[in-house]
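Following: one structure in structure tokens, then a few remarks.
Please treat every number below as a calculation from the coordinates, not as lab data. As the structure is a computational prediction, the values presented were derived from the model and not from experiment. Backbone-built Cβ (ideal geometry, glycine too); neighbour counts: all protein chains shown.
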């Protein structure tokens with residue numbers, strides 16, 4: 001869909017987060033006199049009216065009849081496309097679109113005859129891979145945009161130009177992408193089942209990116225992902241020995257040792273594989289990945305992703321609040337193997353399977369495990385049933401978890417927040433949870449940095 005199709009139509013925006021505000025601003029720039037309606041939460045009504053006094057603001061969740069009163073509704077990504085009210089309104093003729101879909105509608109394969117578009121998705125690794133990719137491209141002197149789910153809505157860059165667009169897409173957005181040069185899938189596990197409704201639908205939605213991508217780059221170390229993408233006519237792989245992979249302490253291209261892992265500031269094998277994905281993506285669109293590789297040494301890791309806060313009260317503190325799946329927690333623990341680690345797990349319960357985590361802890365336990373939040377009791381019960389040999393504690397919230405971790409962790413050990421679950425049971429988002437963890441650990445003055453490189457440079 002393009003903006004021109006919204007002229008003189010009954011249009012509503014659903015959601016007043018950053019995506020919603022970007023959509024409203026873009027609409028008002030193009031149609032200064034047109035009437036628009038916003039659906040938001042009651043707490044957001046006053047701010048919404050201040051944002052655009054001409055808006056008709058409804059501080060309530062819309063039902064099918066309310067949505068059916070509009071020709072087009074621009075919804076924010078966090079609103080499930082499978083909500084009954086949305087599905088019912090859609091069946092009656094209301095069209096639903098998004099900021100992502102509108103950007104692709106305006107840009108096609110890019111902006112200008114030489115502009116390229118790379119979209120990155122994956123259950124884990126998509127943000128780091130996107131940021132690495134933009135960082136490496138800029139090191140080659142390429143004017144690069146970094147936007148999307150990583151923290152900058154595409155519509156905020158709608159009227160700007162770049163030679164390369166690096167766009168992170170969540171599973172909520174992959175089906176909204178238009179034709180693009182390269183799609184990248186970093187990993188695929190179950191997640192966001194509350195939004196998609198089932199694991200099968202999540203996988204199918206995530207892989208809708210393949211249908212929009214001229215070339216598709218996927219992780220060769222995931223058999224299920226390889227099976228699901230084998231029909232793509234121009235599929236490329238990373239993580240296999242013939243191409244970009246990790247072996248013997250180096251990121252390698254085939255037999256050639258390209259970059260030593262010891263110089264990569266982002267720790268863990270999973271981040272080394274993210275670097276392989278970024279380098280392979282550059283090569284896939286015709287850029288000199290070998291020349292860009294040394295710039296990995298200057299890449300700044302993203303906050304809340306295995307972020308070392310420092311030492312306080314005799315412990316090392318690590319913030320991995322971005323971890324929202326059990327597999328991500330296991331990856332964090334693997335990167336810290338050999339150290340005495342107490343891990344804080346639990347949060348909003350989306351019904352994900354914790355059996356692989358429990359089995360891993362039975363075989364190779366952490367120093368201690370502190371379970372908390374909405375699914376903490378379920379995780380603790382599974383660990384006890386498996387007779388995991390390390391101490392397992394159950395507490396209500398993050399503050400109690402930090403206190404319990406200090407009691408259980410040996411001096412000079414590490415305490416890592418890697419919850420394997422979203423934060424919505426107690427916090428607004430993972431970033432707020434990470435900041436609170438830093439405060440509870442004793443880093444009251446800790447400056448939680450943002451993501452470098454968002455926008456165009």
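Note down the relative contact order for segment 307-441 as a percent, whole number, built from C-alpha pairs under 8 angstrom at least six residues apart.
38 percent
Taking only Cα atoms, what is the 0 to 90° angle, nearest 10, from helix 126-139's long axis to the longest principal axis of the chain?
80 degrees
Please compute the contact order of segment 3-97 in relative form: average sequence separation of alpha-carbon pairs under 8 Å and at least six residues apart, divided by the residue count, as a percent.
Normalised by residue count, the contact order of segment 3-97 is 32 percent.
Would you mind computing, in nm to one decimal, how far apart the modelled labels at residue 444 and residue 429 are, each placed 7 Å from Cα along Cα→Cβ?
In this crude spin-label approximation the distance works out to 2.7 nm.
For the chain, what's the relative contact order in percent, using C-alpha pairs closer than 8 Å and at least 6 residues apart? Present the calculation step by step, with values, prior to reporting the outcome.
Details: 960 pairs, mean separation 56.2, N = 457.
Answer for the chain is 12 percent.
If a/c stays under 1.5 just call it rounded; otherwise compare a/b with b/c (prolate if a/b is bigger, oblate if not). Do that for segment 1-100, with a ≥ b ≥ c from the square roots of the Cα gyration tensor eigenvalues.
oblate
On full extension of the chain, what length is gained from residue 399 through residue 337, given 0.36 nm per residue of separation minus the C-alpha to C-alpha distance?
Full-extension gain reported as 19.8 nm.
Looking at segment 307-441 from every direction and averaging, what is the projected area of its Cα convex hull in nm²?
Average of the hull's projected areas for segment 307-441 equals 6.6 nm².
Report the calculated FRET efficiency for residue 308 and residue 87 (r = Cβ-Cβ distance, R0 = 45 Å), to the nearest 0.05.
0.50
Tell me, what is the FRET efficiency for residue 386 and residue 60 to the nearest 0.05, using R0 = 56 angstrom and their Cβ-Cβ distance as r? Could you put the intermediate results ahead of the total?
Numbers: r = 45 Å, r/R0 = 0.81.
Using R0 = 56 Å, I get an efficiency of 0.80.
Using the C-alpha atoms of segment 62-149, what convex hull volume per residue, in cubic angstrom, is computed?
Spelled out: Cα convex hull of segment 62-149, divided by residues, is 107 Å³.
Please give the FRET efficiency for residue 72 paired with residue 227, using the beta carbon to beta carbon distance and R0 = 30 Å, rounded to the nearest 0.05.
0.20
Among DSSP beta bridges lying fully in segment 244-388, give the percent that are antiparallel, nearest 5.
75 percent
Using alpha carbon coordinates only, what is the Rg to Rh ratio of segment 1-56, with Rh defined as the Kirkwood radius?
A ratio of 0.94.
Two decimals is fine: what's Rg over Rh for segment 299-378, C-alpha atoms, Kirkwood radius as Rh?
Result: Rg/Rh = 0.96.
Using 0.36 nm per residue of separation minus the Cα-Cα distance, give me the extension gain between residue 201 and residue 457 in nm, one decimal.
Computed gain between residue 201 and residue 457 is 88.5 nm.
For segment 351-397, compute the orientation-averaged projected area of the C-alpha convex hull (one quarter of its surface), in nm². Each step should come with its number before you reach the end.
Details: hull surface 11.9 nm².
One quarter of the hull surface, i.e. the mean projection, equals 3.0 nm².
Based on a Kirkwood Rh over C-alpha pairs, give the Stokes-Einstein translational diffusion coefficient of the chain at 25 °C and viscosity 0.890 mPa s in µm²/s.
Answer from the Stokes-Einstein relation: 106 µm²/s.
What number in nm² do you get for segment 117-160 if you take the convex hull of its Cα atoms and divide its surface by four?
Details: hull surface 12.8 nm².
Result: 3.2 nm².
How large is Rg/Rh for segment 102-301, to two decimals, with Cα atoms and a Kirkwood Rh?
0.94
What is the log10 of I(q)/I(0) for segment 218-303, computed with the Debye formula using one identical point scatterer on each Cα and no solvent, at q = 0.16, 0.19, 0.22, 0.27 Å⁻¹?
-0.61, -0.84, -1.07, -1.42
Angle, helix 18-30 long axis vs. longest principal axis of the chain, Cα atoms, 0 to 90°, nearest 10?
20 degrees
Report the paramagnetic label zone for residue 49: residues of segment 58-80 whose backbone N is under 15 Å from a point 7 Å from Cα along the Cα-to-Cβ axis.
Taking a point 7 Å out along Cα→Cβ of residue 49, the residues of segment 58-80 whose backbone N falls under 15 Å are 58-60.
For helix 269-284, report the angle its Cα long axis makes with the longest principal axis of the Cα atoms of the chain; keep it between 0 and 90° and round to the nearest 10°.
The angle comes out near 40 degrees.
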